[in-house]
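K.L.:
One structure coming up, written as structure tokens, with questions to follow.
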Amino acid sequence: MDQSRRDFLKVASLVLGGLALWGCRRNKNFSPAPKASSDISLWKFEIKQAMRRNIPLGDLVPIKIPGPLPKFPKEINRFGMAIDLDICNGCGECILACVLENNISRVNDCEAQKGRFMHWIEMREGVPVMCSHCGDAPCEKVCPTGAAVASPDGMSAMIYPRCIGSRYCGANCPSKTRKFNYTDARAEGLSAKFNPEVPLRNRGVMEKCSLCVQRLQNDRLLAKTLGKEWRGMGVQSACAMACPKKAIVFGNWLDSESPLSQAVRGRGIYTLKSIQGLDPSVVYLVGRA
Amino acid sequence: MKGTLLLCFLGCFGIALIAADLFFSTGDVIASKNKTIAFSHELHGANIGLDCTHCHTGARLGYKAHFPSKQDCLDCHRLPLTDSAGIPKLDSALQVAKAMPWQTESRVPAHVIFHHGVHAKANISCETCHGSIAEIDRGKRASVKMGECLACHRGEKGFAPAATDCARCHR
């Protein structure tokens, strides 16, 4: 078999090129993903792990009752929550309910060691802290793609497919309640679809408390189909439903009959000091006003 | 010669890899056209004048428009309706049909909500998105891009303007 140097180099470079391409392949089909488990005890264990962290809460400062949003002056709904710290004992049931409602994935050991859990509710000194859905949200101002956007219903919404993972919003959030998907939870078998209504998030996407937007959307669409005015009466977030002491109250700030407006009547309304000027929708109740 | 063989081998391998990727990749959207009985929308809709919601229950008030079960077909087809020559063929097809003859998966991605009831309430006909009966019989399935949703929601397609806020339709 005679082969010229030219032919040999040709074949050799082709083979090398082929091998290089083979090395760059997507190998998801060849290293099978670990079997995803939907065993709730795994999430319960992770929540316990997360609650052992010592995250400082900072000071709570009194604020005025949230009113209509300056961005949407004509809207008749502004949803929010009040967490009664006189009743709350920091049991963490709300975190589990939130995880199961919103299909929040677990993190791998490396992330867990760094204390970077995906839970939308965090216990800081025994106080549940989640996104406050600020009326004047600093996260929305820095999002380069408009994935973090204000909703006319008072939520600070997150449109996952728009998110390119710049993490500017997380950096600009004073309360540090935004969570970034550092790991591909689906590929590592760390996520489960407990609730078919909520999509799973991909790697490289920021997420946070959505104020159970899926429940509000479902209720709104039903009301609109039946031709009724929608004030969100009867809708509750997963954490408010799960709280064994009923310390979390969900409702409409602009509806004087909503359970939220009833619950805050005559109470001291507080928020984290870091976001006191940002018109938060999720507040804490302490003592009498 | 040796080089050509190697090249062929690598080429086949590459094609196999791409095929494997296509075959094993699973998204939120699965389109399946798994019909066991050839169903004519023209015959039922245009000729007899049945409303779409008669079989696709839920389209008027619900979130999803559902597909009929075999029992729903048999509600009318238990006894022969005409003297047509195709009746025995239909009867034998109905006998072997599964309890749920049509299995379809929604094409709407998981992060989008589309409520049929709200759109029916706004007097938007099924044809606006799903196409005419003839098109549906030819196998067309509604495939709407976000731009088309938005054009209609902005009031550019002759219907009243609707919400264009992201969180109204995305979750």
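K.L.:
Any residue in region A:204-231 that's within 10 Å of chain B (Cβ to nearest Cβ): show its pairings with residues that are of a type in the set (Lys, Arg) and assigned to a loop (DSSP other than H, G, I, E, B) at Cβ separation under 6 Å, as long as the two are six or more apart or on different chains.
P.N.:
Taking only residues 6 or more apart or on different chains, the pairs are A:Val213/B:Arg171; A:Gln214/B:Arg171.
K.L.:
From the list B:Ala122, B:Ala46, which one is farther than 16 Å from B:Ala142 by Cα, of a type in the set (A, V, I, L, M), in contact (Cβ under 8 Å) with a residue 60 or more places away in the chain and surrounded by 12 or more Cβ atoms within 10 Å (Cβ to Cβ)?
P.N.:
Details: B:Ala122 fails: in contact (Cβ under 8 Å) with a residue 60 or more places away in the chain.
On inspection, the qualifying residue turns out to be B:Ala46.
K.L.:
Shifting gears a bit: For residues that are closer than 28 Å to A:Pro199 by Cα and either open to solvent by less than 50 Å² (accessible area, probe 1.4 Å) or of a type in the set (Phe, Trp, Tyr) (or both), tally how many sit in region B:133-146.
P.N.:
Of the residues in that region, 1 qualify.
K.L.:
In the list B:His116, B:His130, B:His170, which residue meets the criterion of being under 18 Å from the mean Cα position of the chain (by Cα), open to solvent by less than 60 Å² (accessible area, probe 1.4 Å) and at pLDDT 90 or above?
P.N.:
From the options B:His116, B:His130, B:His170, the qualifying one is B:His116.
K.L.:
Sticking with this structure for a sec: Here are the criteria: (1) open to solvent by 20 Å² or more (accessible area, probe 1.4 Å); (2) farther than 26 Å from A:Asn252 by Cα. Tell me which single one A:Gly189 does not satisfy.
P.N.:
Unmet for A:Gly189, out of (1) open to solvent by 20 Å² or more (accessible area, probe 1.4 Å); (2) farther than 26 Å from A:Asn252 by Cα: (1).
K.L.:
Which residues, taken from region A:58-75, are of a type outside the set (D, E, K, R) and in a loop (DSSP other than H, G, I, E, B)?
P.N.:
Across region A:58-75, the qualifying residues are A:Gly58, A:Ile63, A:Ile65, A:Pro66, A:Gly67, A:Pro68, A:Leu69, A:Pro70, A:Phe72, A:Pro73.
K.L.:
Can you work out which of the residues in region B:150-167 that are within 14 Å of chain A (Cβ to nearest Cβ) and part of a helix (DSSP H, G or I) is surrounded by the most Cβ atoms within 10 Å (Cβ to Cβ)?
P.N.:
B:Ala167
K.L.:
Answer yes or no: is there a residue in region B:100-111 that is more than 21 Å from the chain's Cα centre (by Cα), over 30 Å from B:His153 (Cα atoms) and surrounded by fewer than 17 Cβ atoms within 10 Å (Cβ to Cβ).
P.N.:
no
K.L.:
How many of the residues making up region A:274-289 are part of a strand (DSSP E or B) and within 22 Å of A:Pro152 (Cβ to Cβ)?
P.N.:
Selection size over region A:274-289: 2.
K.L.:
In region A:186-231, how many residues are closer than 29 Å to A:Pro280 by Cβ, of a type in the set (A, V, I, L, M) and within 17 Å of the chain's Cα centre (by Cα)?
P.N.:
So the count comes out to 7.
K.L.:
Does A:Arg78 satisfy the condition of being open to solvent by 50 Å² or more (accessible area, probe 1.4 Å), of a type outside the set (Asp, Glu) and either farther than 18 Å from A:Ala247 by Cβ or touching a Cys at 6+ places or on another chain (Cβ under 6 Å) (or both)?
P.N.:
No; evaluated as a whole, the condition is false for this residue.
K.L.:
Find the helices (runs of 4 or more DSSP H) located wholly in region B:100-145 whose residues include 3 or more that are more than 23 Å from B:Ile48 (Cβ to Cβ), and list them.
P.N.:
Hits in region B:100-145: B:116-121.
The values are calculated or read from the model by the stated rules, or taken from the named source; none is laboratory data. Not measured: the values here are computed from a predicted model. Quick reminder, even Gly has a Cβ in these numbers, built from the backbone with ideal geometry, and neighbours come from all protein chains shown. SASA here: full protein model, heavy atoms, side chains in, ligands and nucleic acids out. Shrake-Rupley method; radii C 1.70, N 1.55, O 1.52, S 1.80 Å.
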